[in-house]
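Data block below; observations after.
None of the figures in this text is laboratory data; all of them are computed from the coordinates on show. In this text, all values refer to a predicted model and were calculated from it rather than measured experimentally. Cβ sites come from the backbone with ideal geometry, for glycine too, and all protein chains shown count toward neighbours.
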Amino acid sequence: MLPLGPIGATTSPYQCLSSFAGNPLLISPDQLVADGLLAESDVAKFTLPPRKVNFQRVIANKRALLAMAFERFRQRYRQRFSDDLHQFETRESGWLSDFALFMALREAYAFKPWSQWSQPVLRRNPAALREARRQLAEAIELQTFAQFIFARQLQSLRTHARTAGVALIGDLPIFVSPESADVWTNPKLFQLDRRLQPRAVAGVPPDEFSPQGQLWGNPLYNWNEIAKDGYAWWKARLGAALKQADFVRIDHFRGLASYWSIRTPCATAENGRWVAAPGAKALRALTGGKRSLPLLVEDLGLITPEIERLRDDFNLPGMRVLQFGFPPNPGNPHVPHNYIRHCFAYTGTHDNDTSAGWYNSLSPANRRQVQQYAPNPLWNTAPAWAMIRILWASHAGQVIVPLQDLLNLGSASRMNTPGTHEKNWQWRCLDFAECREPMARLASLTDLYERRAAL
């Protein structure tokens with residue numbers, strides 16, 4: 001799964017407003033009806049969006065539905081949920097109160113970044129925060145309610161998945177959004193100046209795909225400050241991710257060993273430098289020295305022997321991406337015959353084109369090369385399924401296929417194009433009935449290549 005945190009202005013799940021909270025847009029209205037917090041007639045007022053998500057419309061609809069559910073909760077059902085809500089507030093006290101206040105303030109300031117709030121609130125003056133809590137009490141309660149419902153529904157989903165023998169893999173972004181509650185609540189943990197603005201920001205250097213590099217704009221960590229209490233904040237962050245999923249992928253893993261630091265102000269990522277991060281020290285603190293953990297890592301991009309050693313020293317499986325395996329140059333780790341057992345292999349990720357879109361964009365010569373590597377009549381009609389068969393037959397211990405590839409969809413269904421901010425994160429599956437036949441085909445391949453595994 002992509003990260004499940006609340007999204008900001010960019011709608012990217014890798015620029016969440018919190019490392020701990022859930023995204024209220026993912027709350028199921030049907031489950032609210034089942035809990036008695038909405039009537040079916042309430043939900044019927046809102047129609048499903050088309051295949052591409054219209055975020056403005058979805059945000060407005062979900063806000064309206066959550067407000068209705070919250071009002072019904074306050075009027076009729078508070079006592080029914082009181083014990084569970086109290087336990088949730090106690091269990092999540094390390095972040096929930098600050099986050100609910102942050103979201104209430106964000107709305108009160110017309111959704112401006114927290115760096116544009118009044119100085120007393122921006123700098124967390126205790127008297128200013130007390131007054132804000134008093135004035136925004138109802139809005140804070142609504143935000144707490146939304147997080148409670150999100151957590152309740154997610155745990156219900158996890159229980160259902162576990163009963164069906166399905167494990168969930170979550171995703172932990174390496175950096176946090178500059179607009180997040182994380183930075184506002186814990187500014188000392190980040191490289192900020194006196195104005196609480198980033199001294200430098202994250203990104204990646206220029207490469208063959210991005211001539212000017214990628215300027216992500218995330219604030220960089222103050223690792224010396226984070227280390228003072230034994231990496232407690234990072235431990236809590238990883239713990240929160242493992243409450244949402246059975247396994248967690250650490251995004252941009254190399255950022256734990258070294259990161260591309262770009263001084264501000266900056267227009268591109270070209271003028272940056274590599275800076276060492278604590279690497280092994282941080283991982284020892286996060287893992288407790290254990291070598292068997294429900295973690296995998298994104299080891300893509302510019303990966304050095306140092307990064308490989310860090311990954312292997314902690315026995316963390318990395319990634320292989322089949323689209324990166326062509327043309328099949330000697331020694332390319334993404335070519336299937338070079339896969340190792342201890343890895344997760346993908347046809348493509350959320351940052352790739354769909355496999356059908358990728359194949360159809362190849363030159364005739366490169367298509368012939370792919371067909372020569374793995375002859376299959378499906379290349380002409382369902383190239384994604386030719387890719388899936390290669391992956392399932394490979395030596396990789398775990399294999400993953402995006403839903404778009406399962407449905408053999410083209411480039412119009414791509415999830416994200418790195419380095420761009422428009423038209424991303426919009427694809428959705430409207431009718432899971434269309435997945436039944438592909439799922440049956442996948443089940444047959446899974447049996448054929450002996451890939452079934454018990455949780």
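Between beta-carbons, use under 14 Å as the cut-off and find the net charge around Leu136, counting Lys and Arg +1, Asp and Glu -1.
Numbers: positive: Arg106, Arg130, Arg133, Arg134; negative: Asp98, Glu107, Glu131, Glu138, Glu141.
Overall, the nearby charge balance is -1.
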### Footprinting exposure proxy for Ser118, Ser355 (fewest neighbouring C-beta atoms within 10 Å first)
Ser118, Ser355
### Query
Can you give the charge dipole size of the range 74-228 about its Cα centre, rounded to the nearest 20 debye, using +1 on the beta carbon of Lys and Arg and -1 on the beta carbon of Asp and Glu?
580
### Task
Using Cα pairs closer than 8 Å and at least 6 residues apart in sequence, work out the relative contact order for the chain, in percent.
13
### Query
What is the fewest-to-most order of Phe432, Phe55, Phe175 by other Cβ atoms lying within 10 Å of their Cβ?
Phe432, Phe55, Phe175
### Task
Would you mind checking which residues have amide H under 5 Å from Arg428's amide H? H placed 1.01 Å from N; only 5 or more apart, or other chain.
Val53
### Message
Quick check on the chain: of the DSSP beta bridges with both residues there, what percent are antiparallel, nearest 5%?
### Response
55
### Query
Radius of gyration and Dmax for the chain's Cα atoms, expressed in Å?
23.0, 70
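Restricting things to Cα coordinates, could you compute the convex hull volume per residue of the range 159-282 in Å³? All intermediate terms of the calculation are to be shown ahead of the outcome.
Details: hull volume 17.0 nm³, N = 124.
It is 137 Å³ per residue.
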### Query
Once phi is turned into ³J(HN,Hα) by the Karplus curve 6.51 cos²θ - 1.76 cosθ + 1.60 with θ = phi - 60°, what whole-Hz value does each residue of the range 188-203 show in order, with x for glycine and proline?
5, 7, 10, 7, 10, 8, 5, 8, 6, 9, x, 6, 8, 10, 8, x
### Query
What is the set of long-range amide H partners of Ile400 at a cut-off below 5 Å, with H atoms built 1.01 Å from backbone N?
Ala345, Tyr346, Thr347
### Message
Tell me the net charge near Val166. Cut-off is 13 Å between Cβ atoms, Val166 excluded, with +1 for each Lys or Arg and -1 for each Asp or Glu.
### Response
+2
#### Entry: Relative contact order %, the range 317-455, counting alpha carbon pairs below 8 Å whose residues are six or more apart
26
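Only counting other Cβ atoms within 10 Å, I'd like Thr354, Thr11, Thr47, Thr417 sorted with the fewest neighbours first. Write out the running numbers ahead of the final one.
Values: Thr354 28, Thr11 17, Thr47 8, Thr417 14.
Ascending Cβ contact count within 10 Å gives the list Thr47, Thr417, Thr11, Thr354.
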### Dipole magnitude of the chain about its Cα centre (Cβ charges: Lys, Arg +1; Asp, Glu -1), debye to nearest 20
580
## Note on the structure
Out of Gly36, Gly357, Ser292 - ranked by how far each Cα lies towards the positive end of the dipole of the chain, with unit charges on the beta-carbon of charged residues - the top one is Gly36
### Query
Once the dipole of the range 356-436 is set up with Lys and Arg at +1 and Asp and Glu at -1 on Cβ about the Cα centre, which of Gln369, Leu430, Trp392 lies farthest towards its positive end?
Gln369
### Message
Relative contact order of the range 169-228, please, whole-number percent, based on alpha carbon pairs below 8 angstrom and at least 6 residues apart.
### Response
34
### Message
If you average the alpha carbon positions of the range 298-361 and of the range 386-455, how far apart do those two centres end up, in angstrom?
### Response
16
### Query
Under the Kirkwood approximation for Rh and a Cα-based Rg, what ratio Rg/Rh is obtained for the range 371-454?
1.00
### Query
Taking amide hydrogens as modeled 1.01 Å from N in the peptide plane, which residues meet the under 5 Å criterion relative to Gly217, leaving out close sequence neighbours?
Ala202
### Task
Quick one: check the C-alpha center-to-center distance for the range 111-149 versus the range 1-62, whole angstrom.
22
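Count the net charge of all other residues whose Cβ sits under 14 Å from the Cβ of Arg63, scoring Lys and Arg as +1 and Asp and Glu as -1. Each step should come with its number before you reach the end.
Values: positive: Lys45, Arg57, Lys62, Arg106; negative: Asp42, Glu71, Glu107.
Its environment carries a net charge of +1.
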### Summary
Calc'd 3J(HN,Hα), the range 6-12, phi into Karplus 6.51 cos²θ - 1.76 cosθ + 1.60 (θ = phi - 60°), Hz, glycine/Pro = x, comes to x, 8, x, 5, 7, 6, 7
### Query
Tell me, what HN-Hα J-couplings in whole Hz come from the Karplus equation 6.51 cos²θ - 1.76 cosθ + 1.60 at θ = phi - 60° for each residue of the range 410-424, using x for Gly and Pro?
x, 4, 5, 9, 4, 7, 8, 10, x, x, 10, 10, 9, 6, 9
